[in-house]
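The values are calculated or read from the model by the stated rules, or taken from the named source; none is laboratory data. Bear in mind that the values here come from a model prediction, so they are computed numbers and not experimental data. Cβ coordinates were reconstructed from backbone atoms using ideal geometry, including for glycine residues, and neighbour counts include every protein chain displayed. In case anyone asks, the SASA skips ligands and DNA or RNA and just uses the protein heavy atoms, side chains included. Shrake-Rupley method; radii C 1.70, N 1.55, O 1.52, S 1.80 Å.
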Amino acid sequence: MKRHNYGLNHLSATCGQVGRLQTLSCVPIIAGDSIEARLSGNFNLSPHRKNVLLDGRWDIYVFFVPHRICFDGQYSGPDRDTWQPGTRWKNFIEDKSLETATFATETFTGNEPMFLGTHARPSGADYVVPEWRLQGYNLIYNRYFRDIDRDDNEWAYNVNAKDKPSSTNESAHRFGRRTCHLPMRPFTAIKSNISNSVVNGQGAFANQTVVDIEKAQADYHSQVDSEYFGDRYAEVLRNAFGSGYRDDDSDPVLLKSFRQWVSGQNVIGSDDASLGQLTGMTATELDLHFPRRSFREHGTLWIMGVFRYAPVLNNGIHYFDYDTNPSYVDFTGDPQLLHAQEPKQYASQHFVKDGNANILGTLPHGWWLREQPDYIHNFYSRFDGYPFLDGLPQSVADSNNYIRPEEYNQVFASMQFGHWQSQMEIAMEAYRVVPPAVTSLKAGV
């Protein structure tokens, strides 16, 4: 079938907060499209109040969400890891010009949603967007950014992937959903839902044969692998069977990701009026290429971004500063003994100087010998302006990995455009079956 070349070049100028998933562009895709794109422009943080001490990471993702999975679907399973698409889009395509399908809209009360890559249409005091926009965003978030062990309590969970923030949460409406911290060992590895049999290595071996013991050990190994390393269906198949299965028939597809560390500099005396003033500035240039790709069905190409600082604690301590009288195994790391130590439960007092004894979750034994905590002088916590975190959660109910963007407000001197801004030209070339405009001008001829 003949395809025609179209330039879908467009500008994206947006802003966001640290840790929130923002949409940079949202491009409708036609079945049979062949798309290539180049993203070029700038990314910068709002001016810092103090000198720049910590680099951050700017991640850009390109996803494809088929329309086929966006309508009438719902999640199943306790971990919301299986999305079951509906049939409305298939019926719409199969019926062609005789279709009678109705595509719904989603209404936001009070605040306009600015995280969907479009301007919502006003309706009185409310704002309306197509159903597939909200579902597409949430499907991407739930599959790639949500902590599978716990939900973000900022948004109301909806089994149909129509989650929305509270009508009074302006930041969520403006800048999108909260993502998780970059890996922060050992805290990121904490599991709060590990069964007692794994924690305690329980098993009844009295009056059992060697074969029975080996079976019990194999079952225990499988349970550990499942609870620590295999939360989703595809992960279990990969870890247990070496399968290359991908469950993208009913999920958004990650097509490309770009990762760039953003470094800052300190500007002193940038003009006569501010001579002698110090301002922290962080900016970087972007030049990213998305290679040509063909699409087999209709959907949406989502270009999304999230900026995160490396998580550094103000008051982190080494485990030996908590346990001042450690055992031989804990102190020496004797490999002949340490390898047989079962996981244990830990509280915030094991990680930070002002923690408490409320259990946060489970970690493999000896984690303090496999990593070293950051050390930040006390003076940095006495003054605002530095991107260091004040501490870990103090209880299981509060123990999630989600970034709290408001903790970084004190870093920036101005937040009129959030914590960060990006301006980029997206040069996009599409070969698609849509006939050229002249055919419409000469319709019927």
Q) Between the range 278-307 and the range 312-381, what's the alpha-carbon centroid distance in Å? A) 38
Q. What FRET efficiency would be calculated for the residue pair T87, Q341, taking the C-beta separation as r and a Förster radius of 35 Å, to the nearest 0.05?
A. 0.10
Q. Between S166 and E99, what length in nm is gained on full extension when 0.36 nm per residue of separation is reduced by their alpha carbon distance?
A. 20.6 nm
(Q) From the protein chains alone at 1.4 Å, what is the descending order of accessible area for Y346, Y6, largest first? (A) Y6, Y346
Q. Simple spin-label model, 7 Å along Cα-to-Cβ: T439 to A283 in nm?
A. 4.5
**Q.** Relative packing of 12-18, 174-180, which averages over residues the other C-beta atoms within 10 Å, highest first
**A.** 174-180, 12-18
Q. Considering only protein heavy atoms and a 1.4 Å probe, what is the carbon-and-sulfur percentage of the accessible area of the range 47-176?
A. 46
**Q.** With DNA, RNA and ligands ignored, accessible area of D354 (1.4 Å probe; Å², nearest 10)
**A.** 90
Q: Give the calculated FRET efficiency between K256 and S381 to the nearest 0.05, with a Förster radius of 60 Å applied to their Cβ-Cβ distance.
A: 0.95
**Q.** Extension gain from S263 to D72, taking 0.36 nm per residue of separation minus the Cα-Cα distance
**A.** 64.3 nm
Q) What is the packing order of peptides 383-389, 101-107, taking the mean over residues of other C-beta atoms within 10 Å and listing the highest first? A) 383-389, 101-107
(Q) Need the C-alpha centroid separation for the range 96-133 versus the range 11-35, integer Å. (A) 17
(Q) Suppose all protein chains stay in the model; what accessible area per residue would a 1.4 Å probe give for the range 324-374, in Å²? (A) 57
Q. Do any trypsin sites (Lys or Arg not before Pro) in the range 81-144 lie in a loop, going by DSSP, with at most 12 other beta-carbon atoms within 10 Å of their beta carbon, and if so which?
A. none
